[in-house]
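The values are calculated or read from the model by the stated rules, or taken from the named source; none is laboratory data. Quantities reported herein were computed from a predicted structural model and do not represent experimental measurements. So basically every Cβ, Gly included, is an ideal-geometry build from the backbone, and we count neighbours across all protein chains shown.
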């Protein structure tokens, strides 16, 4: 199976009609398709955050000859169309399950690595002069009811004392003054370090930095076939071929599973959709009692993610249907707009300027995956960020570069220098062709849990 969802989600020649595409700014990139017969030390499939970060660090820090192949334009996938949340949380395992399976030391190491990943993005912005329009200094998780806030208080105690995280709790009244006012707002928890950014500007900036350091990046160069000739990988595109000693396979929700049996049936792509309003003035936002620029999510299982953008627009995103067809997308956009009016009555009737969709990546074990293929240790991978890829994928790309260059781990299929929670690849889904049906069932269960609060 080449693609799990409707073909309209995989048109590599068509950019999503997103706010990010309209405000991407000017970036000088090579933009040449792969042509003729070329070679390199390391080939990377996918020019999203994982691939671009790996390319930048391989070229800049280790002087390794690297070439990146991308099926669409740079930032075509989730890296150019997500909500712009540089926040912590690339696993959907509960904290209780993390502690039970991995223990305090490894769970703490994982969460500290997430904070490190956020700081890595900020550092790359400064070091490589990437103007990604950073906003805020934390992520707010807003309690949907009083019971959720009580649970937040318990979780905050564990996260701050046991895991060493920077956590602040705000009562409903306090958050009304610094965050926003709404019938569904019952207090909030602030996670630091976290912030919002312009995701496509960040992706394009990473690409430009990687090219400056000597990496070659070829957009509109979908890998159509992949074979081995002795110890050499041969990647074929419509315009040429690339020979490499080692390969890093990325793609996350858009993972090209058909290219390698080592990832086939393992990712679970999940649709996410976003709507954006017209700009609002500072006076108008004050009247609507919206004060924060920090990225925010609510506490439901089927949560919404939302933030105020730098030009006064309001962005809200949520999960979409399990098919991926255009009609389903339109229905999702309408539902998101209705949700805004329900959750924030002060926004009822506002006009919208943009709406778009993409794919995030879940896994059966609810964990991210960094590793090497047991079938072929010259192939590395990083994916499964569970809707939290801005910092997580950037960090994974850097760690893959360090590992591949030989500065970490010293070999083996599992990256022992990394927290146990991210090591290795996820299990394959049973009857993997039914993943969309599993997804449909899971979404129904989460909706029921939200409805009856269990």
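Below are the figures for this structure:
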item	result
Only listed residue being assigned to a helix (DSSP H, G or I) and under 23 Å from residue 324 (Cα atoms), chosen from 8, 53	8
All positions within region 80-93 that are in a loop (DSSP other than H, G, I, E, B) and touching a helix residue (DSSP H, G or I) at 6+ places or on another chain (Cβ under 9 Å)	81, 82, 83, 84, 87, 88, 89, 90, 91, 93
Filtered residues of region 266-304 (kept if touching a helix residue (DSSP H, G or I) at 6+ places or on another chain (Cβ under 6 Å) and closer than 14 Å to residue 340 by Cβ)	273, 275, 276, 288
Any hit, region 172-187, residues being within 25 Å of the chain's Cα centre (by Cα) and over 27 Å from residue 82 (Cα atoms)	no
Close pairs (6 angstrom Cβ cut-off, 6 or more residues apart or separate chains): closer than 20 Å to residue 183 by Cα in region 131-151, in a helix (DSSP H, G or I) anywhere	143/149; 143/152
Residue identified as under 21 Å from the mean Cα position of the chain (by Cα), surrounded by 21 or more Cβ atoms within 10 Å (Cβ to Cβ) and in a helix (DSSP H, G or I) among 110, 132	110
Subset of region 205-222 that is in contact with a helix residue (DSSP H, G or I) (Cβ under 6 Å, 6 or more places away or on another chain) and in a loop (DSSP other than H, G, I, E, B) - its residue that is nearest to residue 246 (Cα to Cα)	215
Qualifying residue in region 267-285 (condition: in contact with a strand residue (DSSP E or B) (Cβ under 6 Å, 6 or more places away or on another chain), over 28 Å from residue 44 (Cβ atoms) and exposed (fewer than 15 other Cβ atoms within 10 Å of the Cβ))	yes
Qualifying residues in region 393-415 (those that are in contact with a helix residue (DSSP H, G or I) (Cβ under 6 Å, 6 or more places away or on another chain) and at pLDDT 95 or above) - the one surrounded by the most Cβ atoms within 10 Å (Cβ to Cβ)	396
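Every residue, every condition in (1) within 13 Å of residue 52 (Cβ to Cβ); (2) without any contact (Cβ under 8 Å) to a residue 12 or more places away in the chain; (3) under 20 Å from the mean Cα position of the chain (by Cα), yes or no:
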residue	(1), (2), (3)
194	no, no, yes
210	yes, no, yes
216	yes, no, no
227	no, yes, no
237	no, no, no
